[in-house]
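What follows is a single structure, written as structure tokens, with notes after it.
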Amino acid sequence: MTTMNWDDFRLIRAIAEARSLVGAAEALGLNHSTVFRRLGQIEATLGRPLFERSRAGYSATGAGEEMVALANRMSDGVLEFERRLAGQDDRPRGELRVTTTDSMFATLLAPMFATFRVAYPEIRVDIIVSNASLNLSRRDADVAIRATSEPPDTLVGRKVGPMAWGIYGKIGTSLATCDPLGPDALYVGFGPPMEEIEAAVWIARNVPAARVVVRVNTMHVAAISAAAGVGLAILPCVVGDSMPELTRVSSRPPTTNALWLLTHADLKGAARVRAFMDHAWNFLSKEKARLAGE
């Protein structure tokens, strides 16, 4: 009878995702020779190859694909169990992973985290600053503070209020007085992972590519670039209005999103999550005017 364990499935999935033994070794914290040896042992036990080797890398065979699919289902089951277990905590303590963007943390949220730490000293907060959407279902984070027009169906939370956006230019330069749709308007654009946010879509539809002088991958860098006079930047008003070097050239594009506090449904009952959601709501409710660009 063939006996397999979870580590075997994790290894095969890692190789399939990396398409190389070196990449799988890095992902698993192992060395290359260990991954090579264990793959050989698994294939020998099963009596069939799990990967085809070529210059393009390791491609899963039919058997390999079945093993990867089962590994994903097993992983999802483990994560669901962890979420449900975490959601049963009845005391606000332990580790809490919160994700938000660099610009929101720098211009709005830092004081809120400071007061939360004082109020709940037994909760260790891990702040994950990222402009990419993290997967709360896979516990990349427990809570997300995000501007979005439509939160994912798998998440629950509270809508803080509308987020106003504007076009900002450096005071004292021609960018501060130019027509934002005119030939003299140069822009700071957005690259991955931000090419699909509303501001990036507006630029793609309204600004010729030749007038997008740089592209950045964080909102904070876009604001700093605009403050340096690189070009106009489309920013949340709470960010742009907080920088004395910038002036709001236009209130375009129209706001189409809002700030949300989000968590996974399985975690909403966890004491530490409830404590943070309530604390953040109380703090952000007082900032609705700034968020709305008033």
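Would you mind finding the one in ARG215, ARG146, ARG205 that is over 30 Å from GLY269 (Cα atoms), in contact with a Phe, Trp or Tyr (Cβ under 8 Å, 6 or more places away or on another chain) and among the basic types (Lys, Arg)? Full working, then the answer.
On the way: ARG146 fails: over 30 Å from GLY269 (Cα atoms); ARG205 fails: in contact with a Phe, Trp or Tyr (Cβ under 8 Å, 6 or more places away or on another chain).
That would be ARG215, the only listed residue that is over 30 Å from GLY269 (Cα atoms), in contact with a Phe, Trp or Tyr (Cβ under 8 Å, 6 or more places away or on another chain) and among the basic types (Lys, Arg).
Return yes when GLY29 is loosely packed, with under 15 Cβ neighbours inside 10 Å, assigned by TED's automatic domain parsing to the domain that holds GLU66 and under 18 Å from GLU66 (Cβ atoms) and no when it is not.
no
Per-residue answers, yes or no, for (1) touching a residue at least 12 places away in the same chain (Cβ under 8 Å); (2) of a type in the set (Ser, Thr, Tyr); (3) more than 26 Å from ALA289 (Cα to Cα):
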site: ILE167; (1), (2), (3): yes, no, no
site: LYS170; (1), (2), (3): yes, no, no
site: THR173; (1), (2), (3): yes, yes, yes
site: TYR187; (1), (2), (3): yes, yes, yes
site: VAL207; (1), (2), (3): yes, no, yes
site: ASN217; (1), (2), (3): yes, no, yes
site: HIS220; (1), (2), (3): yes, no, no
site: ALA223; (1), (2), (3): yes, no, no
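Scan segment 1-9 and tell me whether some residue there is over 30 Å from TYR120 (Cα atoms), of a type in the set (A, V, I, L, M) and modelled with pLDDT of 85 or more.
Let us first name the residues in segment 1-9 that are over 30 Å from TYR120 (Cα atoms), namely 1-9.
Okay, now just the ones that are also of a type in the set (A, V, I, L, M), so 1, 4.
Narrowing further to those that are modelled with pLDDT of 85 or more: none.
Checked segment 1-9: no residue is over 30 Å from TYR120 (Cα atoms), of a type in the set (A, V, I, L, M) and modelled with pLDDT of 85 or more.
Would you say ARG248 is farther than 30 Å from TYR120 by Cβ, assigned to a strand (DSSP E or B) and within 22 Å of the chain's Cα centre (by Cα)? Lay out the reasoning, then the answer.
On the way: farther than 30 Å from TYR120 by Cβ: yes; assigned to a strand (DSSP E or B): yes; within 22 Å of the chain's Cα centre (by Cα): no.
No, not satisfied.
Quick check, is ASN217 polar (S, T, N, Q) and modelled with pLDDT of 90 or more?
Values: polar (S, T, N, Q): yes; modelled with pLDDT of 90 or more: yes.
Considered against the rule, which asks whether it is polar (S, T, N, Q) and modelled with pLDDT of 90 or more, ASN217 comes out as yes.
The values are calculated or read from the model by the stated rules, or taken from the named source; none is laboratory data. Predicted model, so just to flag it, every value in this text is computed and none were measured. Because the Cβ atoms are built from the backbone with ideal geometry, glycine has one as well, and the counts that use them run over all protein chains shown.
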